[in-house]
């Protein structure tokens, strides 16, 4: 539309006489500027330099076993920090993992890492079994403020039904009760 007056010699060529063209150029420029600005800081935008610029907080490495420290290295080397944050440093695309162990059980973490889900890609082919084990063991230490670890309610019910004497119906476990 901007080149039409230049290509065709007829019609008005001055910008003040072409308000639609001026409006279109203005809207396009503002839209591109807004999208460029939003793309630099929105939560869905991964921080592709997070894994190199922000080390794992020392508090999350203190008093950890060698396997858990190995998991911290896997977390850093596989660039999990591009999408996830720990201690306020890292990406914002995925959830912060400061208290992940109070929200997810070990089995849920293994499934999430291997199969992915939501916005998280599957890492089943990118991690070998020892890396997966180390990573999950490290994530199990992240309980934020010493919260209680996540509990699988179905596992509690299965264990209580296995301990019931045969022939008698087992009493299902009630949440918060004995």
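Data for the structure
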{"item": "Tally, over region 49-82, of residues that are more than 16 Å from residue 141 (Cβ to Cβ), modelled with pLDDT under 80 and touching a helix residue (DSSP H, G or I) at 6+ places or on another chain (Cβ under 6 Å)", "result": "2"}
{"item": "Elements of type helices (runs of 4 or more DSSP H) in region 83-178, at least 1 residues being within 22 Å of residue 66 (Cβ to Cβ) and either modelled with pLDDT under 75 or under 19 Å from the mean Cα position of the chain (by Cα) (or both)", "result": "106-115, 129-139"}
{"item": "Enumeration of residues in region 69-82 that are more than 13 Å from the chain's Cα centre (by Cα) and within 26 Å of residue 39 (Cβ to Cβ)", "result": "76, 78"}
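The values are calculated or read from the model by the stated rules, or taken from the named source; none is laboratory data. Bear in mind the structure is a predicted one, so any value in this text is a computation, not a measurement. Every residue, glycine as well, gets a Cβ built from its backbone with ideal geometry; the counts of neighbours run over all protein chains shown.
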